[in-house]
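Here is the structure we will look at, set down as structure tokens.
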Amino acid sequence: MANFLAFLMLVSFWVSFISGQNPGLEAPYRIHTLFSVECQNYFDWQTVGFMHSFKKAQQPGPVTRLLSCTEEEKKNYKGMDLAPTLEVPSMSRHPKTGDWYPAINKPAGIVHWLKHSKDAQSTDWVVILDADMILRGPIIPWELGAENGHPVAAYYGYLIGCDNILAKMHTKHPELCDKVGGLLAMHIDDLRVLAPLWLSKTEEVREDRAHWGTNITGDIYGTGWISEMYGYSFGAAEAGLRHKINDNLMIYPGYTPQPGVEPILLHYGLPFSVGNWSFSKLEHHEDGIVYECGRLFPEPPYPREIKLMEPDPNKRRALFLNIECINTMNEGLLLQHARNGCPKPKWSKYLSFLKSKTFAKLTQPKLLTPPRMQTEVAKEVKEIDEPIKPYPKIHTLFSTECTTYFDWQTVGLMHSFHLSGQPGNITRLLSCTDEDLKQYKGHDLAPTHYVPSMSRHPLTGDWYPAINKPAAVVHWLNHVNVDAEYIVILDADMILRGPITPWEFKAARGRPVSTPYEYLIGCDNELAKLHTRHPEACDKVGGVIIMHIDDLREFALLWLLKTEEVRADKAHYATNITGDIYESGWISEMYGYSFGAAELKLRHLISNEILIYPGYVPEPDVKYRVFHYGLEFKVGNWSFDKAKWREVDMVNKCWATFPDPPDPSTLEQTDENELQRDLLSIECARTLNEALRLHHKRRNCPDPTALSNPALDTTKDIANSRKVGRFSKTDDIESNPVPRNHSQESSKPKVRDGLFSTLRFWIILLWVFSGVGFILVMLAMCSGYTSKGSSKGKSNKSRRRSYTGFLKTNARDRQGRKSDASL
């Protein structure tokens with residue numbers, strides 16, 4: 001009997017192992033995981049990666065791939081055996097409207113599964129994921145806090161339609177609209193109610209073309225592509241579901257995880273990079289890598305290389321996540337090729353690493369830990385009316401205008417925002433005239449709130465673009481339902497190096513945090529006495545601002561009004577009063593901020609550890625969070641001055657980048673202060689160039705080594721880069737606030753379009769010599785014919801024919817064509 005029981009236990013172990021379950025993680029309830037795909041190579045390699053990670057993560061319960069295909073697609077489809085599959089009729093082309101929208105297959109596939117799958121009758125909990133995800137550990141709904149009526153989901157903060165007219169139009173309960181997606185874990189009973197609403201609301205939002213604008217949906221392309229996501233949120237609101245939002249479980253490779261948090265889901269929907277290596281799923285849209293023996297994605301750097309590459313522990317963790325994502329996919333491809341009957345691949349260092357104990361240890365399942373439950377616990381506490389939460393929500397703002405000058409700054413800031421680990425969402429406040437907007441091309445560069453331009457004051461006619469900053473903040477507060485507790489305000493000409501959080505820098509209600517601007521001497525003299533009732537409360541601050549939302553609501557209008565007031569006070573523009581070396585009133589907006597805050601007696605905590613200007617010597621052991629490249633900075637003979645790139649279109653011309661800074665290995669090591677200063681300057685410039693390269697890559701710019709393309713020529717931009725506008729003397733002062741002598745050395749833009757590549761140079765040279773040679777031969781022929789006169793014409797004709805037979809042939813061809821034409 002004992003032997004029989006032992007046999008049964010052994011059989012049970014192997015059954016659970018084969019089904020993908022960990023005997024030590026046996027689930028008290030039945031879980032089923034779903035993901036949706038189409039009949040394409042693009043989804044096949046994602047399926048291979050997903051299924052391999054599903055097994056490695058030891059996710060409990062079965063998994064089903066919802067495969068949406070047309071009958072025509074199925075005839076040639078090769079991937080039926082890649083995963084347990086339920087075939088779903090394709091709705092990519094809507095059967096009624098004819099609209100092409102493949103994303104609708106996700107809710108349509110789930111509705112089909114609920115109706116036609118026996119598994120749906122024997123399931124308690126459902127986990128819904130996307131194909132472009134890698135699991136790092138088991139996702140167990142009840143351990144995350146999911147319960148009936150309260151699914152668990154990841155935070156998708158860009159779904160701003162939950163806060164505006166979109167939600168009011170498409171759900172009767174806009175107050176229940178949650179900005180969620182990506183990871184969904186819910187009870188089967190909730191899914192039965194939600195699924196048909198999810199589908200119908202997707203159709204409804206998709207048809208509402210009048211509200212596809214970025215300022216309404218948050219969709220940077222303005223094409224209605226995220227209608228399915230809104231379909232989910234609006235459908236859940238209709239069903240009365242309130243989500244427990246967990247922002248710690250899922251991360252995009254390329255983003256920096258929060259300290260102490262170990263994500264268990266990688267969503268590689270965006271491009272990411274490690275050093276010079278990068279990966280973007282869109283580059284593999286037609287890739288048949290699953291069916292090509294021996295082919296893997298390009299190998300990333302090894303872990304030991306990353307340890308040398310990045311000294312910051314948290315950024316190093318982010319790079320490890322990046323390589324883990326691609327290495328897990330490549331490991332899955334190796335196993336799939338073996339299942340396909342491919343021959344054993346040749347030995348390589350990379351294959352040896354993928355089969356090593358080191359890699360197995362790095363990718364062992366990550367179990368749920370308390371830090372990953374922080375957000376969920378906070379939601380639980382909130383629901384029982386105890387408003388205690390570990391960290392408040394943050395929203396970051398920056399102000400720009402409709403010019404390419406601000407566009408390349410936006411590209412740099414957005415790139416660094418994603419790398420920095422800055423919590424919460426970010427919004428660009430874009431101030432433009434209606435005429436500007438007609439010509440503007442940069443709508444998709446950042447989540448954007450559009451603001452009427454006040455560059456030309458509507459009442460006074462004064463030209464002062466800097467006023468757009470406070471005006472835009474006022475407009476945003478009055479037109480957006482803000483769900484953040486703290487607002488971080490930056491300038492466009494900044495690069496984030498790390499998170500700027502109120503809890504780290506001790507911001508509080510009535511106590512904003514900012515950085516020192518000591519040149520605002522007007523706080524100490526008659527200027528403050530003229531423009532505020534509380535000159536003693538005037539703080540010399542600016543650049544980076546961390547402020548409680550309630551303070552900002554009280555303060556923003558005063559900021560705008562005081563800016564107008566100081567700007568109109570031309571009698572006090574003098575340098576000895578304002579500190580403005582140009583005496584033009586250009587820093588009126590900065591005084592508007594300080595005087596407005598003084599009116600409310602908002603006293604700032606002033607931190608010297610947040611911001612540094614590249615070119616300045618850093619304080620020892622300070623980890624600055626922001627580069628403010630408002631001033632020219634140099635490293636040896638190399639220099640960068642943003643003002644010299646005012647008229648250069650770095651964003652819309654393929655592969656345009658700034659001149660590369662020197663290699664750090666070439667720097668002098670004798671003076672430690674100068675070395676650290678130069679290393680920071682190089683980091684700032686490299687980050688800008690990296691942002692531009694990734695931007696051009698996302699725009700599908702052609703191979704930079706290809707032959708010439710007139711659209712890539714930026715010589716006109718270079719020629720015009722020194723144009724001077726109406727305020728050439730002052731138009732850059734607001735972001736260059738510290739008085740300093742500016743070098744006249746010019747940096748020319750470097751455009752990597754292969755214009756002078758070696759091959760192309762020799763081809764052009766060959767054309768030139770061929771043309772010149774041909775002209776010389778023809779001149780010789782003509783001069784010879786003329787000099788010998790008509791007396792030898794007949795003789796010359798015969799002689800000419802002897803070496804110009806091709807002319808005769810061409811003449812005969814032309815005569816033949818004339819005869820054909822006459823017929």
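Remark on HIS449: its backbone amide H falls under 5 Å from those of ARG428, LEU429, LEU430, a criterion applied only to residues 5 or more positions apart or on other chains, H modelled at 1.01 Å from N.
Across the protein chains, with a 1.4 Å probe defining accessible surface, the residues LYS115, LYS562 rank LYS115, LYS562 from largest area downward. Summed over the residues of segment 551-627 and divided among them, the accessible surface reaches 41 Å² per residue at a probe radius of 1.4 Å. First check a/c for segment 394-612, with a ≥ b ≥ c the square roots of the eigenvalues of its C-alpha gyration tensor; if it is under 1.5, answer rounded, and if not, answer prolate when a/b is larger than b/c or oblate otherwise. Oblate is the answer for segment 394-612, as a/c is 1.5 or above yet b/c matches or exceeds a/b.
The SER770 and LYS118 beta-carbon pair, evaluated with R₀ = 60 Å, returns a calculated FRET efficiency of approximately 0.20.
Express the accessible area of segment 449-491 per residue in Å², computed with a 1.4 Å probe while the remaining protein chains stay in the model. Computed with neighbouring chains in place, this is 38 Å² per residue. THR563 sits among other residues whose Cβ lies under 10 Å from its own Cβ, and their net charge, with Lys and Arg +1 and Asp and Glu -1, is 0. Label positions at TRP347 and ALA574, each projected 7 Å from the Cα along the C-beta direction, are separated by 8.4 nm. Each residue of segment 330-347 was assigned a 3J(HN,Hα) from its phi angle through the Karplus curve 6.51 cos²θ - 1.76 cosθ + 1.60 (θ = phi - 60°); the sequence is 5, 4, x, 5, 4, 5, 5, 4, 5, 5, 6, x, 5, x, 4, x, 5, 5 Hz, with glycine and proline shown as x. Round to a whole angstrom and tell me the spacing of the C-alpha centers of segment 617-670 and segment 39-63. When both Cα centres are located, 43 Å separates them. Counted by Cβ distance under 9 Å from GLY498, the other residues give a net charge of +3, where Lys and Arg count +1 and Asp and Glu count -1. Between the amide H of SER68 and those of VAL37, GLU38, CYS39, VAL88, distances stay under 5 Å, these residues lying 5 or more places away or on another chain, with hydrogens modeled in the peptide plane. Taking amide hydrogens as placed 1.01 Å from N in the peptide plane, the amide H of ARG136 sits under 5 Å from those of LEU265, LEU266, each at least 5 positions away in sequence or on another chain. Per atom type, segment 617-660 shows carbon and sulfur on 45% of its accessible surface, probed at 1.4 Å. The calculated FRET efficiency for the pair ILE220 and GLU286, based on their C-beta separation and a Förster distance of 25 Å, comes to about 0.55. Legend: distances between Cα atoms for LYS55/LYS281; LYS393/LYS644; LYS315/LYS366; LYS56/LYS106; LYS118/LYS179; pairs beyond 30 Å are LYS393/LYS644; LYS118/LYS179.
For segment 243-304 versus segment 583-609, the spacing of their alpha-carbon centroids is 43 Å.
In terms of the Cα gyration tensor, with a ≥ b ≥ c the square roots of its eigenvalues, is segment 559-702 rounded because a/c is under 1.5, prolate because a/b exceeds b/c, or oblate? Prolate. Run down the aspartates and glutamates and flag those whose C-alpha is under 18 Å from the C-alpha of LYS438, throwing out any fewer than 8 positions away in its chain. Leaving aside aspartates and glutamates fewer than 8 places away in the same chain, those within reach of LYS438 are GLU401, ASP407, ASP649. Using a 1.4 Å probe over the heavy atoms of the protein chains, calculate the carbon and sulfur portion of the accessible area of segment 161-219 as a whole percent. C and S fraction of accessible area: 54 percent. Rolling a 1.4 Å probe over the protein heavy atoms of segment 394-612, with every protein chain left in place, gives an accessible area that is 53 percent carbon and sulfur.
Taking 0.36 nm per residue of sequence separation and removing the Cα-Cα distance, the TRP142/LEU459 pair yields an extension gain of 108.1 nm. The order of ASP163, ASP539, ASP703 by accessible area, most exposed first and with a 1.4 Å probe, is ASP703, ASP163, ASP539.
For MET229, the accessible surface of its heavy atoms amounts to roughly 50 Å² (probe 1.4 Å, protein chains only, rounded to the nearest 10).
The values are calculated or read from the model by the stated rules, or taken from the named source; none is laboratory data. Bear in mind the structure is a predicted one, so any value in this text is a computation, not a measurement. Every residue, glycine among them, receives a Cβ derived from its backbone with ideal geometry; neighbour counts consider all protein chains shown. The protein model used for the area step is the full one, side chains on, heavy atoms only, and it has no ligands, DNA or RNA in it. Shrake-Rupley method; radii C 1.70, N 1.55, O 1.52, S 1.80 Å.
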